[in-house]
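The values are calculated or read from the model by the stated rules, or taken from the named source; none is laboratory data. Given the structure is predicted, the values throughout are model-derived calculations rather than measurements. Cβ: placed from backbone, ideal geometry, glycine included. Neighbour counts: every protein chain shown. Accessible surface is based on the protein model in full, side chains and every heavy atom, while ligands, DNA and RNA are left aside. Shrake-Rupley method; radii C 1.70, N 1.55, O 1.52, S 1.80 Å.
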Amino acid sequence: MRQTPLTCSGHTRPVVDLAFSGITPYGYFLISACKDGKPMMRQGDTGDWIGTFLGHKGAVWGATLNKEANRAATAAADFSAKVWDAVTGDEMITLAHKHIVKTVDFTQDSNNLLTGGQDKVLRIYDLNKPESEPLEISGHSSGIKKALWCNGDRQIISAADDKTVRYGILLKNSSLSISIFVVLKDVFVAGGDDFKLYKFDYNTGEDLESYKGHFGPVHCVRFSPDGELYASGSEDGTLRLWQTTVGKTYGLWKCVLPEELGSENSDSIYGTPPEVKA
């Protein structure tokens, strides 16, 4: 059955980072970071545009939402990270840095923000006291590309241009808590410079399937919190939403599978592929 992605336009330059919120009473949400300097928030299951966060004066390299989707954070080339009210779009806090900021991540309680960037230093800010000096963690020998809380917020995993991944324990912050990264079922998805997305078996590494939809290299891929779809961001300036289980009715995808129809119609159905509307 053919994969039919939903295409989300609006950005004018490459999309370099994506993040989903947790599941809220209003559904879940998706934020995108783009080199156009205008991060956008969307409804997570449909890709419908909700709003744009205006205030950065350079490319936005990283973006995230807290699990309740009422706070957003962004990392930018203007040497700052910003925290936003994700409901109103208002800027709440600006955190000045010494160089380009590439990554941001909230703790589960939204009280702390982790940042990293070109100055090779990880910083942890207390958002209840943003004027206080952050906790700084060194170790990488070149710019940090991504950093995330993991293992109940007691640890941080970071990746940098020095081609290393570091995994550190925060004994001084053992009271913090979060769950950031989950392997979906038994698969993971990756994107490449060949414009394709690849789905792999997590346990064996076997290439299960691949899809092409973007018109430029794929920079980021993220699973939705319910695991029903994954989002990709590309050099072509678009986001695309892909079904984890192709052919399932979900969001804007409306499908009819053969087993859902009466057996009396089975002869004609198996000769015609299901219709997908997106």
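The rows are residues; the columns are (1) surrounded by 20 or more Cβ atoms within 10 Å (Cβ to Cβ); (2) of a type in the set (Ser, Thr, Tyr); (3) in a loop (DSSP other than H, G, I, E, B).
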position	(1), (2), (3)
Thr204	no, yes, yes
Gly216	no, no, yes
Ala231	yes, no, no
Val246	no, no, yes
*What number goes with the only condition from (1) crowded, with 21+ Cβ neighbours inside 10 Å; (2) out of contact with any His (no Cβ under 6 Å at 6 or more places or on another chain) that Val87 does not pass?*
(1)
_Selected residue (only one of Ala159, Ala69, Ala75 is within 27 Å of Thr52 (Cα to Cα), open to solvent by less than 50 Å² (accessible area, probe 1.4 Å), in a strand (DSSP E or B) and among the hydrophobic types (A, V, I, L, M, F, W, C))_ = Ala75
*Can you pull out the residues in region 34-51 that are within 15 Å of Leu18 (Cβ to Cβ) and assigned to a strand (DSSP E or B)?*
Cys34, Met40, Met41, Arg42, Gln43, Trp49, Ile50
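Answer yes or no as to whether Gly58 is touching a strand residue (DSSP E or B) at 6+ places or on another chain (Cβ under 6 Å), of a type outside the set (Phe, Trp, Tyr) and more than 19 Å from Arg240 (Cα to Cα). So that I can check it myself, show each step before the final result.
Values: touching a strand residue (DSSP E or B) at 6+ places or on another chain (Cβ under 6 Å): yes; of a type outside the set (Phe, Trp, Tyr): yes; more than 19 Å from Arg240 (Cα to Cα): yes.
So Gly58 passes the test.
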*Given the conditions (1) closer than 28 Å to Pro5 by Cα; (2) at pLDDT below 90, which single one is not true for Leu170?*
(1)
_Subset of region 14-50 (residues that are closer than 15 Å to Ala72 by Cα, open to solvent by 10 Å² or more (accessible area, probe 1.4 Å) and polar (S, T, N, Q))_ = Thr24, Gln43
_Qualifying positions in region 1-33 - within 10 Å of the chain's Cα centre (by Cα) and part of a loop (DSSP other than H, G, I, E, B)_ = Ser21
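Per-residue answers, yes or no, for (1) among the β-branched types (Val, Ile, Thr); (2) in contact (Cβ under 8 Å) with a residue 60 or more places away in the chain:
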{"residue": "Phe20", "(1), (2)": "no, yes"}
{"residue": "Ile23", "(1), (2)": "yes, yes"}
{"residue": "Tyr26", "(1), (2)": "no, no"}
{"residue": "Gly37", "(1), (2)": "no, no"}
{"residue": "Met41", "(1), (2)": "no, no"}
{"residue": "Gly47", "(1), (2)": "no, yes"}
{"residue": "Gly51", "(1), (2)": "no, no"}
{"residue": "Gly55", "(1), (2)": "no, no"}
{"residue": "Glu68", "(1), (2)": "no, no"}
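Does Gly262 qualify as being at pLDDT 50 or above and at positive phi?
Values: at pLDDT 50 or above: yes; at positive phi: no.
In short, no.
Give, as residue ranges, the strands (runs of 3 or more DSSP E) completely inside region 92-153 that count at least 1 residues that are surrounded by fewer than 14 Cβ atoms within 10 Å (Cβ to Cβ). Quick ask: steps written out before the conclusion?
On the way: elements: 101-106, 112-117, 122-126, 135-137, 144-150.
The strands (runs of 3 or more DSSP E) meeting that bar are 135-137.
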